[in-house]
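I have placed the structure first, in the form of structure tokens, so that the comments after it can refer back to it.
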Amino acid sequence: MPDLTLAICMYNAEKYIKETLESVIAQSMQDFHLLIVNDCSTDGSIAAVEEFFAQHPRQYEIVTFEKNRGIGYARHFAERKAETKYMMFLDADDILYPTAIEKMYKK
């Protein structure tokens, strides 16, 4: 098991999540657990994630809340759920430089 969890908390991120996930799979370091916390999105965010990983197979875990709880709750949930030594958060509309995770991990 890797010792890093990358958590993406998303709410109605259908417009942006594909680009964010493209930046995740383009990382120079891939040895991390990818956790996606869906804060009860009402758009096509879940379908966009599932479609993306159908085309770009990679291990990931998605958790969906039954009601919207906000970013603070979603991040706290991710912290409690992670079983790794380290954790990194990525917003659902962020795009990482290709070496971002590797550089932060080494620090």
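A few remarks follow.
- Segment 96-105 - residue that is open to solvent by 80 Å² or more (accessible area, probe 1.4 Å) and hydroxyl-bearing (Ser, Thr, Tyr) and, of those, nearest to His33 (Cα to Cα): Tyr105
- Residues that are among the hydrophobic types (A, V, I, L, M, F, W, C), open to solvent by 70 Å² or more (accessible area, probe 1.4 Å) and free of Cβ contacts under 8 Å to residues at least 40 places away in the same chain number at least 1 in the following helices (runs of 4 or more DSSP H) confined to segment 1-95: 45-55.
- Among the residues examined, Lys103 does not qualify as assigned to a loop (DSSP other than H, G, I, E, B), basic (Lys, Arg) and on the phi < 0 side of the Ramachandran plot.
The values are calculated or read from the model by the stated rules, or taken from the named source; none is laboratory data. None of the values given here were measured: they were computed from a predicted structure. Note that we place each Cβ from the backbone using ideal geometry, even for glycine, and neighbour counts take in every protein chain shown. Please note that ligands, DNA and RNA were not included when accessible areas were found on the heavy atoms of the full protein model with its side chains. Shrake-Rupley method; radii C 1.70, N 1.55, O 1.52, S 1.80 Å.
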